[in-house]
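Asks: To start, I am sharing the structure in question, which I have written as structure tokens.
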Amino acid sequence: MSNFFDKLTGGGGGNSNNNNNNKKNQIQNPFAKIDNPFANLGKKKVNYGGGQSLGGSSTLGKVISISLNEPGPLGMKIEKRPNNEGSAIVSMVVDGGQAHVAGLQRGDILCHAGTDGQHEIMYNQFIAMASSDQRPLQFDIRRIQTKAAKTAGGGSSSVSAEAHARKQAVIAAAEKRERAHKQKSKPIPKTNKDALPALLSTAEKARLEKERQERANATATPMSEEAKKAVQQAKMGEEVHAAALGYNPYETARATAGQARTATVAMTHGSIEDKEGSSATQQQQRMAAPNRVAPPPSLPAEASNNNNNHAQPISSAFEEAMTTLITTNDHDAVKSSLSIMRKLVMNATTKGQTGDEASAAKFRRVRLSNAKIKAAIADMNGALELMLSTGFQLAEEDGETYLVFPPGDKGPAWLPNALKTMQDYEASS
């Protein structure tokens with residue numbers, strides 16, 4: 001057996017040595033080219049850079065190629081690292097030396113050549129390179145230059161080169177963020193006044209309005225008797241509405257915010273009177289309160305009696321929603337919306353409160369995704385707020401949104417007056 005292995009390895013004695021010497025290269029160990037997987041076990045892995053490196057992001061700073069060709073001292077000192085580990089950073093440059101002539105500065109981070117500053121040279125690696133006779137020494141440096149460094153010079157020598165490099169990186173990152181912020185927050189350039197469209201003067205507006213009125217009068221047809229009666233009925237409806245409210249909402253009353261607030265409080269809660277019986281805010285109420293009107297004399301007696309039943313002031317939330325609905329939507333669409341909402345409110349407060357719960361509940365629920373309801377309420381400005389002001393509440397069920405009126409509730413005391421207001425607007429032209 002030993003002779004067999006001697007022949008394989010070229011060993012053995014006697015005359016077979018000559019033949020084995022000629023054939024020793026013909027048979028090779030098949031495991032010679034396989035790396036030992038346990039060769040690096042226990043050895044510390046060296047980081048050659050990439051990603052975040054010393055001094056912050058490796059994308060910061062300027063990369064400069066350096067070549068030191070002369071033998072002998074390099075004329076610079078590398079920051080002493082604990083346990084001879086970590087990146088090589090220049091801590092001092094001798095005036096007139098090779099490093100000074102090549103342009104090296106304190107705080108430069110040494111990197112492997114051709115890596116664009118991504119792979120930093122370790123401290124012990126560079127010491128071995130500098131101690132050898134290898135010349136030229138070619139490597140890159142990554143220099144982080146900031147405005148502060150240009151102003152203050154190379155920095156204090158009492159600070160370590162590593163701390164100096166990290167400080168420079170922090171300052172450079174801050175300056176980069178500041179430049180980006182200034183770029184985003186640039187003031188909007190002023191618009192040239194000549195480029196703006198010319199605004200119409202008061203005289204031009206009056207002329208255009210006059211022309212429009214003339215065109216309207218030229219194309220207008222005489223009113224029929226039915227139309228005249230409809231107009232008269234609409235005016236009568238406005239008078240009824242004003243009498244029910246106690247003031248005329250169709251007239252503009254000028255008042256300050258304080259006067260309007262005082263008038264609203266006085267109309268809702270009454271006013272405080274002194275011993276002599278005069279109101280403390282009587283003058284303000286006269287200035288701010290809307291003009292109160294009496295029922296029109298031409299109204300029949302039953303209309304006056306009906307007004308007394310609807311003298312309850314309407315909620316401010318309803319009035320605001322009503323104003324929004326009327327002023328921000330098409331007139332015909334508003335009339336249709338008010339008609340639908342008035343019927344829903346009346347059903348919820350009458351049919352929805354009587355009979356068995358199963359049949360009454362359907363009159364108290366309104367599905368907003370219904371096409372007709374969506375067009376009349378959800379798509380109309382102020383309509384949803386108006387419904388909520390009358391007592392309806394929003395509810396979610398099975399992914400659907402409903403307006404739900406509570407059971408056992410016939411609505412607020414002012415609701416009949418509000419319904420009359422909605423009906424009056426429906427009848428207007």
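Asks: Grab the Cα-Cα distance for Val101 and Lys77, subtract it from 0.36 nm times how many residues apart they are, and report the gain in nm with one decimal. Can you show the working numbers first?
Replies: Values: separation 24, 0.36 × 24 = 8.64 nm, distance 1.45 nm.
In short, 7.2 nm is gained.
Asks: In addition: Give, rounded to the nearest 20 debye, the magnitude of the charge dipole that the stretch 98-150 has about its Cα centre when Lys and Arg contribute +1 at Cβ and Asp and Glu contribute -1 at Cβ. Walk me through the numbers on the way to the answer.
Replies: Numbers: 6 positive and 5 negative charges, 68 e Å.
Charge dipole, the stretch 98-150, about its Cα centre: 320 debye, nearest 20.
Asks: Continuing with the same structure: Before I look further, what does the stretch 85-139 give for accessible area per residue, probe 1.4 Å, in whole square angstrom? Before the final figure, lay out each step's value.
Replies: On the way: 2510 Å² over 55 residues.
Computed with neighbouring chains in place, this is 46 Å² per residue.
Asks: Provide the three semi-axes, in whole Å and in decreasing order, of the ellipsoid equivalent to the stretch 334-424 as defined by the square roots of 5 times the Cα gyration tensor eigenvalues. Please report the intermediate quantities before stating the final value.
Replies: Working: eigenvalues 70, 64, 23 Å².
Values for the stretch 334-424, descending: 19, 18, 11 Å.
Asks: Here is a further query. At 0.36 nm per residue, and after removing the present C-alpha to C-alpha distance, how many nm does the segment from Gln213 to Thr350 gain when stretched out fully? Can you show the working numbers first?
Replies: Working: separation 137, 0.36 × 137 = 49.32 nm, distance 4.71 nm.
Fully extending the segment from Gln213 to Thr350 adds 44.6 nm.
Asks: Same structure, new question: With a 1.4 Å probe and every protein chain left in place, tell me how much accessible area His269 has, in Å² to the nearest 10.
Replies: Its accessible surface works out to 150 Å², give or take rounding.
Asks: Oh, and also: Tally Lys/Arg at +1 and Asp/Glu at -1 over every other residue whose Cβ is under 15 Å from the Cβ of Arg342; what's the total?
Replies: Working: positive: Lys335, Lys343, Lys351, Lys372, Lys420; negative: Asp424, Glu426.
For residues surrounding Arg342, the net value is +3.
Asks: Beyond 14 Å, what share of the Cα-Cα pairs of the stretch 73-138 remains, rounded to the nearest whole percent?
Replies: So the portion of pairs separated by more than 14 Å is 59 percent.
Asks: If you take the beta carbon distance between Ile326 and Glu178 as r and set R0 to 51 Å, what does 1/(1 + (r/R0)^6) give as a FRET efficiency, to the nearest 0.05? Intermediate results must be reported in sequence, preceding the final value.
Replies: On the way: r = 53 Å, r/R0 = 1.04.
Once the sixth-power term is evaluated, E becomes 0.45.
Asks: Accessible area per residue, 1.4 Å probe, Å², for the stretch 302-429: what's the number? Mind dumping the intermediate values first?
Replies: Values: 6700 Å² over 128 residues.
Accessible area per residue, the stretch 302-429: 52 Å².
Asks: Let me ask another. Give the residue list of trypsin sites (Lys or Arg not before Pro) in the stretch 315-393 that are DSSP loop and have at most 13 other beta-carbon atoms within 10 angstrom.
Replies: Answer by residue number: Lys362.
Asks: For Ile78, enumerate residues with amide H under 5 Å from its amide H, sequence gap 5+ or separate chain, H modeled in the peptide plane.
Replies: Here Ser91 satisfy the definition.
Asks: Name the residues whose placed amide hydrogens come within less than 5 Å of the amide hydrogen of Gly86, ignoring near sequence neighbours (fewer than 5 apart) on the same chain.
Replies: Residues meeting the amide H criterion: Tyr123.
Asks: Next question, about the same structure. Keeping all protein chains in place and using 1.4 angstrom, which order do Thr264, Thr252 fall into by accessible surface area, from largest down? Provide the component values of the computation, followed by the final result.
Replies: Details: Thr264 80, Thr252 130 Å².
From most exposed to least exposed: Thr252, Thr264.
Asks: Still on this structure, I have one more. By how many nm would the segment from Ser429 to Ala317 lengthen if fully extended, with 0.36 nm per residue of separation less the alpha-carbon distance? If you can, show how the numbers build up before the last one.
Replies: On the way: separation 112, 0.36 × 112 = 40.32 nm, distance 2.53 nm.
The span from Ser429 to Ala317 would gain 37.8 nm if fully extended.
Asks: Please report the accessible area of Ser315 (heavy atoms, 1.4 Å probe, ligands and nucleic acids excluded) in Å², nearest 10.
Replies: Surface accessible to solvent at Ser315 totals approximately 30 Å².
Asks: Hey, another quick one. With 28 Å as the limit, write out which pairs from Lys229/Lys335; Lys374/Lys410; Lys62/Lys190; Lys228/Lys372; Lys351/Lys372; Lys235/Lys374 have Cα-Cα distances beyond it, or answer none. Let's see the in-between values first.
Replies: Numbers: Lys229/Lys335 20 Å; Lys374/Lys410 25 Å; Lys62/Lys190 38 Å; Lys228/Lys372 33 Å; Lys351/Lys372 21 Å; Lys235/Lys374 32 Å.
Beyond 28 Å between Cα atoms: Lys62/Lys190; Lys228/Lys372; Lys235/Lys374.
Asks: Another question, then. Assuming R0 = 35 Å, can you tell me the calculated FRET efficiency for the pair Asn370 and Met236, based on Cβ-Cβ distance, to the nearest 0.05?
Replies: Details: r = 36 Å, r/R0 = 1.02.
The pair Asn370/Met236 has a calculated efficiency of 0.45.
The values are calculated or read from the model by the stated rules, or taken from the named source; none is laboratory data. Bear in mind the structure is a predicted one, so any value in this text is a computation, not a measurement. Cβ atoms come from the backbone with ideal geometry, glycine included; neighbour counts cover every protein chain shown. Just so you know, the surface numbers come from the protein's heavy atoms only, side chains and all, with ligands and any DNA or RNA stripped out. Shrake-Rupley method; radii C 1.70, N 1.55, O 1.52, S 1.80 Å.
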